[in-house]
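J.: Take this structure first; my questions come after.
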Amino acid sequence: MSNQQPPAMNPEELPQQLLYEVKTLPDFGALPLPRLEAFGSEGIPTRTPSSAIFLCQAEWSWSPIHHRLENYHVSQNTKRDKWLLWISYYNDWERPWRWETYQEVYSVDRSVVKKKSAASLQLLWKYWSDARDNEYIDEFHWIGAEGLLAVKDLKSVARQIWA
């Protein structure tokens, strides 16, 4: 399984959160939309591959006992014709605390989106849009870690969703 970024335990471990140029991104809603697919369906591995690339860590903290912490990874499916977004959440409700991966992934065809970074932005846009519409999630409160995507990229996606 791919490495999970540990939660930041003090402010010095967080990337800078302020004063970023926010890029204008394409209208993702006008592009072919990513699909939600179950583990084990055609070409989808049953777990996050070790080759998955870490995108970022986002956190929401509404109160000391009401929070959400997620890591995002991107990989290709076994046929290498789709990009997949893997979402892991930090389960601190059970002991031992651990990262667990949701049993579904978002996918987009590589014939539609060729670059990994562009696919990552579109997949994350779709996931956060669905979370906003179905779970009433507000914009992330901070980014705990950067990977392939920087804070400015994530703020650009967030502006499209929550502006």
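The values are calculated or read from the model by the stated rules, or taken from the named source; none is laboratory data. Computed from a predicted model, the values in this text were never measured in an experiment. Positions of Cβ are backbone-derived with ideal geometry, glycine not excepted, and every protein chain shown enters the neighbour counts.
J.: Can you tell me which residues in the stretch 15-39 are modelled with pLDDT under 85 and under 30 Å from THR78 (Cα atoms)?
T.: Just the residues of the stretch 15-39 that are modelled with pLDDT under 85, to begin with: 15-32.
Listed by number, the residues that qualify are LEU25, PRO26, ASP27, PHE28, GLY29, ALA30, LEU31, PRO32.
J.: Are any residues in the stretch 31-55 closer than 14 Å to SER107 by Cβ and either among the hydroxyl-bearing types (Ser, Thr, Tyr) or touching a His at 6+ places or on another chain (Cβ under 6 Å) (or both), and if so, which ones?
T.: SER41, THR48, ALA52
J.: Continuing with this model, one more query. Could you list all residues from the stretch 55-81 that are of a type in the set (Asp, Glu), free of Cβ contacts under 8 Å to residues at least 40 places away in the same chain and under 21 Å from ALA158 (Cα atoms)?
T.: Within the stretch 55-81, just GLU70 meets the criteria.
J.: Next question. Can you tell me which residue among SER51, SER75, SER63 is surrounded by fewer than 11 Cβ atoms within 10 Å (Cβ to Cβ), hydroxyl-bearing (Ser, Thr, Tyr), in contact with a strand residue (DSSP E or B) (Cβ under 8 Å, 6 or more places away or on another chain) and farther than 15 Å from ILE143 by Cβ?
T.: It is SER51.
J.: Continuing with the same structure: Out of the stretch 91-108, which residues are surrounded by fewer than 21 Cβ atoms within 10 Å (Cβ to Cβ) and either hydroxyl-bearing (Ser, Thr, Tyr) or more than 17 Å from the chain's Cα centre (by Cα) (or both)?
T.: Passing the criteria: ASP92, TRP93, GLU94, ARG95, PRO96, TRP97, ARG98, THR101, TYR102.
J.: Specify the residue that is modelled with the lowest pLDDT; the eligible residues are those in the stretch 108-124 that are in contact with a Phe, Trp or Tyr (Cβ under 7 Å, 6 or more places away or on another chain) and under 17 Å from GLY29 (Cβ atoms).
T.: Once the filter is applied, the top-ranked residue is VAL113.
J.: When the residues of the stretch 127-145 are narrowed to those that are touching a helix residue (DSSP H, G or I) at 6+ places or on another chain (Cβ under 9 Å) and of a type in the set (Asp, Glu), which ends up surrounded by the fewest Cβ atoms within 10 Å (Cβ to Cβ)?
T.: ASP138
J.: So which residues in the stretch 63-99 are under 17 Å from GLU37 (Cα atoms) and acidic (Asp, Glu), if there are any at all?
T.: Once the filter is applied, which keeps residues that are under 17 Å from GLU37 (Cα atoms) and acidic (Asp, Glu), the stretch 63-99 yields only ASP81.
J.: Being touching a residue at least 60 places away in the same chain (Cβ under 8 Å), buried (at least 16 other Cβ atoms within 10 Å of the Cβ) and farther than 17 Å from PRO6 by Cα is true for just one of LEU84, LEU148, LEU124. Which residue is that?
T.: Working: LEU84 fails: touching a residue at least 60 places away in the same chain (Cβ under 8 Å); LEU148 fails: farther than 17 Å from PRO6 by Cα.
The conditions single out LEU124.
J.: Which condition from (1) outside any loop (DSSP other than H, G, I, E, B); (2) modelled with pLDDT under 95; (3) under 17 Å from GLU146 (Cβ atoms); (4) within 14 Å of the chain's Cα centre (by Cα) is the one that GLU12 breaks?
T.: Of (1) outside any loop (DSSP other than H, G, I, E, B); (2) modelled with pLDDT under 95; (3) under 17 Å from GLU146 (Cβ atoms); (4) within 14 Å of the chain's Cα centre (by Cα), only one is false for GLU12: (4).
A quick yes/no check of all residues on (1) of a type in the set (Val, Ile, Thr); (2) at pLDDT 95 or above:
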| position | (1), (2) |
| --- | --- |
| GLU42 | no, no |
| ARG47 | no, no |
| PRO64 | no, no |
| LEU85 | no, yes |
| THR101 | yes, no |
| TRP128 | no, yes |
